[in-house]
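**Student:** Got a structure here, written out as structure tokens. Questions coming.
The values are calculated or read from the model by the stated rules, or taken from the named source; none is laboratory data. The structure displayed is predicted, hence computed values, not measured ones. Note: ideal-geometry Cβ built from the backbone for every residue, glycine included; neighbour counts use all protein chains shown. Just the protein is used for accessible areas: all its heavy atoms, side chains included, with ligands, DNA and RNA removed. Shrake-Rupley method; radii C 1.70, N 1.55, O 1.52, S 1.80 Å.
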Amino acid sequence: MNSISYPVFPVQCDIRVRQGDLGRNGAVSTVGMARWLEDARIRVRLSRFERLVDAGGFGAHQIIFVSQRIERLAPVYGTHAEVKVHTGIRRIGRSSFTYAQAVFSRGELVGRGGATVLNLGPAGPLALPDELIADLTELSVPDSSGTENRPGAERQKRDHYVFFAPLRARIGDVDINQHVNYLALTTWYDEAIAAFTAAALGADGLVPDLAPSSYRIDYLGEVTYPGDYEIGVLVTAFDADSVHYELGIFSGNTCLGIGDGAGARGVLSARALGPGGPH
């Protein structure tokens, strides 16, 4: 694991590890770590902007997710683990801003991630008010992410994917914005990888836990309830230890989100991971 002896980000908070954060091996899952990152973001105080909104100085708006990243770097076991999440702002745009986050356990770097959010009004994106920009500037950290390659347009086409897992939205997935919550959608990608694994192994029942240890997810449209959806899966690369996936959420031919994941290969054969997908 990676150690660090001083705080890098301006906001730090302790995280309580819950049983539901743990995966089948007793260590935090990628979805569980995503919950920790969300918990830390919720605790970030934007005092000037909050006062502006409370005084009625900023009209109707929503802060919506554009993308998120999660990467588990080392296992964190059990509900008694000591966990701290550091949070800062690495990029401020006209209508959006991007969080940078790091997860530590007993001083060791065990995960990292972030999220880009958009300030949206009834007619479209809204410029960030000066008060919010001032709050975000105080939380700024150096942007060390480099140039990020945007997914190509082919990712939004059904014929890009070789395997599909059907999923039905559940009422428990719906959040205050009346659509399927972004963290619930992360579990859908896990579900699609499990279905892919089952097909590759020709297995029924519980399959090996090969869920990705990292995700980059872009949200393109609303996933609503009720609704039947399909998750497209494509293996883009693999080696002796790991597999890299491209994923997409579809309603009919409409793509509502795309993701990139990387996880353990386990017992998956080269044939199953080849261009034609599971046979």
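**Student:** Mind checking the dipole of region 127-279: about its Cα centre, +1 per Lys or Arg Cβ, -1 per Asp or Glu Cβ, Debye to the nearest 20?
**Tutor:** Rounded to the nearest 20 debye, it is 740 debye.
**Student:** A follow-up question, please. Quick one: length gained pulling GLN62 to ARG150 fully straight, 0.36 nm per residue minus the C-alpha distance?
**Tutor:** Gain in length upon complete extension: 29.3 nm.
**Student:** Please compute the length gained on full extension between ASN253 and ASP204, using 0.36 nm multiplied by the number of residues separating them and subtracting their Cα-Cα distance.
**Tutor:** Working it through step by step, the gained length comes to 14.8 nm.
**Student:** Measure off 7 Å from each Cα along the Cα-to-Cβ vector at HIS160 and ARG51, then give the distance between these two points in nanometres to one decimal.
**Tutor:** In this crude label model, HIS160 to ARG51 measures out at 4.5 nm.
**Student:** What is the Cα centroid distance between region 51-68 and region 172-204, reported in whole angstrom?
**Tutor:** 29
**Student:** Take the Cα atoms of the chain, build their convex hull, and give its volume per residue in Å³.
**Tutor:** With only Cα atoms used, the chain gives 146 Å³ per residue.
**Student:** How high is the relative contact order of the chain? Use alpha-carbon pairs under 8 Å, at least six apart in sequence, and give a whole percent.
**Tutor:** 18
**Student:** How much length would be gained if the chain were fully extended between GLU108 and ILE42, taking 0.36 nm per residue of separation minus their Cα-Cα distance, in nm to one decimal?
**Tutor:** Contour length minus Cα-Cα distance gives 21.5 nm.
**Student:** Using Cα-Cα distances under 8 Å and only pairs 6 or more residues apart, what relative contact order does region 216-279 have, in percent?
**Tutor:** 33
**Student:** If R0 is 30 Å, what FRET efficiency do you get for ILE133 and LEU183 from their C-beta distance, rounded to 0.05?
**Tutor:** With R0 = 30 Å, the Cβ-Cβ based efficiency is 0.65.
**Student:** When the accessible area of region 227-279 is split by element with a 1.4 Å probe, what percent falls to carbon and sulfur?
**Tutor:** It is 51 percent, rounded to a whole number.
**Student:** In the chain, once you exclude exposed GluC sites (Glu not before Pro) (DSSP loop, at most 12 other Cβ within 10 angstrom), what's the longest stretch remaining?
**Tutor:** 149-279
**Student:** What list of ³J(HN,Hα) couplings, whole Hz, do you get for region 256-263 from phi and the Karplus terms 6.51, -1.76, 1.60, once you set θ to phi - 60° and write x for glycine and proline?
**Tutor:** The phi angles translate into 10, x, 9, x, 10, x, 9, x Hz.
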